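K.L.:
Take this structure, written in structure tokens, and hold onto it; I'll ask about it next.
The values are calculated or read from the model by the stated rules, or taken from the named source; none is laboratory data. It should be emphasised that the depicted structure is a prediction, and the values quoted were computed from it without experimental measurement. Every residue, glycine among them, receives a Cβ derived from its backbone with ideal geometry; neighbour counts consider all protein chains shown.
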Amino acid sequence: MLDSDTQHQRTSGYSDTMDIEIAPERRHDAIRPTGADTTAASATAITDGAPMPTPGVVDDAGVGEEWKPTKRFLLAFMSLQVIVAAVAFESTSLPAALPVLSSELGGTALQAFWAGTSYLLASTVVQPTVASMSHILGRKVMLYICAAGFTGGSLIAALAQNFTVVLVGRTIQVEASSFYSRSSYAVLLPIIVGLVGIFLFIFWEFRFASEPIIERRIFSTWTAISTYIQTLLHGLVTWAALYFLVLYYQAVKSYSPIYSAVAMLPVTVHLSWASMAVGAITGKLLRYRWALWTGWTLVTLGSGILYLLKPGTTTVQWVFITTPFGIGTGMLFTAEILAIQAGTEPMLNGHAAAFFSFIRIFGQAIGVAVSGAIFQNVFKKNLDGIPEFADVADEYSRDATSVIGVIQGMESGEPKTRIIQAYSDALGAIWLSLLAFAAAAAILSMTVKGHSMAQEHVTEQKLVQGEKPQLDSMESGVLGEHQPEK
């Protein structure tokens with residue numbers, strides 16, 4: 001039986017409506033500082049508009065001990081950085097190479113579309129399962145499995161001699177050469193079965209699952225819910241913009257795949273630096289809402305001024321036009337996960353981070369699909385108004401990448417100028433749609449509440465940094481047994 005003081009130790013700042021008690025079995029020994037210690041501890045508990053939590057809960061390192069990374073930690077961190085860099089390179093390089101890839105391997109418009117979408121779709125589907133299995137079997141085991149799968153898929157795609165093998169390497173194999181009407185059973189049946197399956201899955205997860213794939217307690221605060229929605233919209237806007245900016249450079253500006261990839265540097269470089277800057281500044285201020293508000297303001301502004309990208313836009317102009325979008329979206333990558341973790345019980349931060357990854361990639365898949373549909377409809381309408389291309393409007397508009405080879409192979413003249421303008425106008429419709437999505441997310445960010453970021457890191461799995469790891473570290477997951485390293 002716990003004494004009354006221990007029984008009633010609680011922290012505030014995890015829930016908009018109620019206090020969350022730290023589980024006794026996961027709570028470190030509480031140390032109640034007095035005098036000068038109390039003042040010093042209170043000074044570190046800076047909040048973003050929320051009540052300051054009671055100081056005194058410390059980690060095993062002891063009071064006042066500064067944490068220093070060990071070689072084991074640095075090596076583990078470096079390995080994760082290598083994996084993230086490989087995934088980022090893989091996912092952003094395909095749009096630049098897709099027109100040439102489609103031409104060399106003889107891919108159809110539908111196959112070219114799926115080459116860009118299959119990776120995002122498959123990644124979205126497996127995210128919740130991988131997160132749940134990481135909790136059960138251990139994160140290290142699942143990391144090895146996922147890294148091996150990524151390596152195998154990359155090899156298959158790299159050695160492919162036809163588009164079907166490319167799609168296998170990208171996880172989804174497509175064996176179709178035509179589109180189906182919306183009233184066809186081939187379209188309706190998967191949609192109906194999918195919706196029923198989603199309903200049954202949600203019902204089972206929330207009513208019967210003893211170890212749910214998605215932990216419902218991560219939705220206990222409006223801050224978390226609002227930020228998850230913003231994360232979905234962020235993924236949608238970011239990936240649609242990155243995907244079609246590359247196509248703008250190739251189709252409208254007639255840049256080569258390599259030069260179009262270089263032209264993306266104003267976005268990608270500012271994105272990475274802004275993300276790191278937000279992490280550093282937020283670590284000092286212990287406030288995160290400013291980054292959400294500033295980030296969404298810049299993304300909204302950046303999406304709007306992308307409409308200024310035209311066939312006659314100069315290099316200096318498109319550098320400055322794309323920079324605000326890169327800065328804003330980079331800020332959001334860091335700000336969103338900080339807001340989610342601040343508004344979630346510390347013990348659930350692993351589940352929250354997993355769902356954050358899932359919802360972001362889900363937004364990316366939606367973004368590519370939705371923007372592709374917008375482009376197809378507008379581009380077809382534009383081509384119908386050009387006599388030289390009215391007969392091929394349906395074929396050319398099926399996929400934004402397939403027509404790039406046609407445009408670049410045309411001789412200079414009025415027909416080429418008109419089809420480039422039609423392509424540019426179709427991209428303009430995408431930029432305006434992204435502006436609407438970004439504006440909605442910016443408004444939603446105003447509802448995020450300020451929670452304390454001065455929280456103890458509590459987790460069931462951790463990196464054991466000492467020479468003699470504790471047997472209760474649970475590094476191997478809830479079904480595994482920890483084995484001390486030799």
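K.L.:
If residue 305 passes every condition in (1) within 30 Å of residue 416 (Cα to Cα); (2) surrounded by 24 or more Cβ atoms within 10 Å (Cβ to Cβ) but one, which one does it miss?
P.N.:
Among (1) within 30 Å of residue 416 (Cα to Cα); (2) surrounded by 24 or more Cβ atoms within 10 Å (Cβ to Cβ), the lone unmet condition for residue 305 is (2).
K.L.:
Can you find, within the stretch 220-232, the residue that is modelled with the lowest pLDDT among those that are in contact with a Phe, Trp or Tyr (Cβ under 8 Å, 6 or more places away or on another chain) and either aromatic (Phe, Trp, Tyr) or surrounded by fewer than 24 Cβ atoms within 10 Å (Cβ to Cβ) (or both)?
P.N.:
Selected residue: 220.
Matching residues to (1) in contact with a His (Cβ under 9 Å, 6 or more places away or on another chain); (2) within 17 Å of residue 229 (Cα to Cα):
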| residue | (1), (2) |
| --- | --- |
| 312 | no, no |
| 316 | no, no |
| 322 | yes, no |
| 334 | no, yes |
| 344 | yes, yes |
| 351 | yes, yes |
| 368 | no, no |
| 379 | no, no |
| 383 | no, no |
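K.L.:
Is it true that some residue in the stretch 337-349 is of a type in the set (Gly, Ala, Ser) and over 27 Å from residue 443 (Cβ atoms)?
P.N.:
Looking through the stretch 337-349, none of the residues is of a type in the set (Gly, Ala, Ser) and over 27 Å from residue 443 (Cβ atoms).
K.L.:
Somewhere in the stretch 280-294, is a residue modelled with pLDDT under 95, out of contact with any Gly (no Cβ under 9 Å at 6 or more places or on another chain) and either under 26 Å from residue 410 (Cα atoms) or among the charged types (D, E, K, R) (or both)?
P.N.:
yes
K.L.:
For the stretch 393-451, which residues satisfy the criterion of being over 30 Å from residue 335 (Cα atoms) and among the hydrophobic types (A, V, I, L, M, F, W, C)?
P.N.:
393, 400, 403, 404, 406, 407, 410, 419, 420, 422, 426
K.L.:
Pick from 296, 290, 273: which is within 18 Å of the chain's Cα centre (by Cα) and either surrounded by fewer than 21 Cβ atoms within 10 Å (Cβ to Cβ) or more than 19 Å from residue 439 (Cα to Cα) (or both)?
P.N.:
273
One line per residue, one yes/no per condition, for (1) aromatic (Phe, Trp, Tyr); (2) within 18 Å of the chain's Cα centre (by Cα):
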site: 241; (1), (2): no, yes
site: 246; (1), (2): no, no
site: 249; (1), (2): yes, no
site: 253; (1), (2): no, no
site: 256; (1), (2): no, no
site: 259; (1), (2): yes, no
site: 262; (1), (2): no, no
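K.L.:
Are there any pairs with C-beta distances below 7 angstrom linking a residue in the stretch 299-324 that is hydrophobic (A, V, I, L, M, F, W, C) to a residue that is surrounded by fewer than 16 Cβ atoms within 10 Å (Cβ to Cβ) and in a helix (DSSP H, G or I), with the two at least 6 apart or on different chains, and if so which?
P.N.:
Here the result reads 321/308, each pair linking the stretch 299-324 to a residue that is surrounded by fewer than 16 Cβ atoms within 10 Å (Cβ to Cβ) and in a helix (DSSP H, G or I).
Rundown of residues vs (1) among the β-branched types (Val, Ile, Thr); (2) surrounded by 13 or more Cβ atoms within 10 Å (Cβ to Cβ), yes/no style:
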| residue | (1), (2) |
| --- | --- |
| 208 | no, no |
| 214 | yes, yes |
| 237 | yes, yes |
| 252 | yes, yes |
| 257 | no, yes |
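K.L.:
Taking the residues in the stretch 128-186 that are modelled with pLDDT of 65 or more and assigned to a loop (DSSP other than H, G, I, E, B) as candidates, determine which candidate is surrounded by the most Cβ atoms within 10 Å (Cβ to Cβ).
P.N.:
138
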